[in-house]
1. For the chain, which DSSP H helices look membrane-span-like by this rule: Cα extent along the axis of 27 Å or more and mean Kyte-Doolittle of at least -1.0?
2. When only C-alpha pairs under 8 Å and at least 6 residues apart count, what is the relative contact order of region 194-455, in percent?
3. Which whole number of Å³ per residue matches the convex hull of the alpha-carbon atoms in region 258-400?
4. Can you list, by residue number, the Cys in the chain that have no neighbouring cysteine C-beta under 4.7 Å?
5. DSSP beta bridges in region 194-455, what fraction antiparallel, as a percent rounded to 5?
6. According to the Kirkwood expression over distinct Cα-Cα pairs, how big is the hydrodynamic radius of region 239-342, in Å?
7. Using a cut-off of 11 Å between beta-carbons, work out the net charge of the residues near ALA193 (Lys and Arg +1, Asp and Glu -1, ALA193 not included).
8. Which values of log₁₀ I(q)/I(0), to two decimal places, follow from the Debye formula for region 137-177 at q = 0.16 Å⁻¹ with a uniform point scatterer at every Cα?
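What follows draws every value from the coordinates through simple rules; no lab data is involved. Predicted, not measured: the structure shown is a model, and the values here were computed from it. No Cβ is skipped: glycine too gets one built from the backbone with ideal geometry, and neighbour counts run over all protein chains shown.
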Amino acid sequence: MMKLRPPVLFLSLLPTVFLLLSVAYKFRRIGSLVRDDRHVLSNSSVLTPKPGSASAKIDRVTLCGQRGALQNTSIVRVPHANIFLVSAYHDRREGGRSTRVIGIANRYEPDALSCRFCCRGRSEIVTVTASTYIHSDHFDFPYGAADFLCAEPPGCLPGHVSVRRARATPDEEEAEWVFMPVRNRLRAPRTFAREFSVCISTLFGNYGNALQFVQAIEMYRILGAGRVTVYNTSCSSELNRVLLYYVETGLVEVVPWPIADYVRVSKGWHYPEHPGELHYYGQIAALNDCVYRHMYSTRYLVLTDIDEVIVPLKHADWKDLVRHLNDRYGAEIYLFENHVFPDTASEEFGSKFQAWDAIPGVNIMRRIRREPNQPEVFNPTKMIVNPRAVLQTSVHSALNALGISETVPGDTAIMHHYRAAKRPDLPLESLVVDLALWRYNATLIRNVNKVLNRVFWNV
Ligand SMILES: *[C@@H]1O[C@H](CO)[C@@H](O)[C@H](O)[C@H]1NC(C)=O
Ligand SMILES: *[C@@H]1O[C@H](CO)[C@@H](O)[C@H](O)[C@H]1NC(C)=O
């Protein structure tokens, strides 16, 4: 991360910074395919989607003379390849006009793909070979997030794209065409529909932490979120009721994320000690999809997990915070230190929260103590980004961006992480009492009660 504070120095160095970034990007393209470790190939497998899960109602279309189906699931398999596609976005930020298809690929079976475009006003399909960029943050799993970039031919405005292997056999050509809409073609209005949106990837393992979920969403709302996008693999029936309520009110958007039907996903973050073939339920692909999905609808995007809240310490909300950060640093990506509020330290508060005790899940308001950070230990930061500056994102930082990243000082804002203790041996007295979240107590309690009333108490 570069720190170039004086504005003059910064401006004069700008061309160099961009050059360095683009060189780094090219190297990443070349260096990302690991060729040793071929043993994992033998473990490679693909699960067949569960019957009835996805393809029940297919919209048949004929586009540019080709019969096919419109994409109606969040994940589309490329025929005869271990590649899964999520979404296609028009992108012209790097010069030429491209369609970027975000997906998940087996790094050891790098099939070359081609885009079959249906361009506006054309009568025939136009075929273009895709360039494959496997994201370098695959955490050694055999599958990783990937971008497939197809240059849009001159005069072609693709409305839809279908993706196949570049050297498809006649057999494969017979396979059904699935047309994905190419989104983000209608670009930035000058104003954004929302100032802040939040990306939450991914709910899995029958996720049922309903109380913490409501508290987190209400904190995001208090801090300025106009939309929270949640990638949903599986959740409990209580949590589903909460989701349905929030979807109805428009605050939450749920993206179905049935990734476990396609790849053996891992519940952990590193291969091979966490079994599975794809990092953490495909979190990286979901996050990247979320960045592109919101690119022109929100001014800023907050990338955290549902057990995390970025809390300003000197400002009332994210808008004031980011205005301050922009004045001070002029960065496009702000990184916030992770601070663990461990489950081993939970404050009673008498009978104050009695009514909430019947709701499944954690009460983050009881967590007022955090573990002191160790400066020598890697800090898994989370981010607030200008999505239009992000080309590829990882979980704790942006991999490729058109702008600088800045780590926010711990006295300005930090990320609260309500989770299992990282250092369970620490005595209670060595934890730091932190009441920053409690500054919002009146509004937070009122808002949470309102939701619980509607969803569980039928008041
Ligand atoms: C979340 O995913 C589960 C499992 O697929 C599904 O049953 C549930 O309906 C989903 N919830 C929403 C709100 O989409
Ligand atoms: C709780 O909220 C009230 C009302 O806004 C405020 O006066 C009080 O200081 C807050 N408590 C804490 C610990 O910040």
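1. On the way: long enough: 7-31 (34 Å, 1.35).
Qualifying helices: 7-31.
2. Values: 487 pairs, mean separation 63.5, N = 262.
It rounds to 24 percent for region 194-455.
3. Numbers: hull volume 26.8 nm³, N = 143.
So the per-residue hull volume is 188 Å³.
4. CYS235
5. Numbers: 17 of 44 bridges.
Beta bridges within region 194-455, antiparallel portion: roughly 40 percent.
6. Working: mean 1/r = 0.0597 Å⁻¹.
In region 239-342 this quantity evaluates to 16.8 Å.
7. On the way: positive: ARG194, ARG227, ARG299; negative: GLU195.
Here the count lands on +2.
8. Log10 I(q)/I(0), no solvent term: -0.70.
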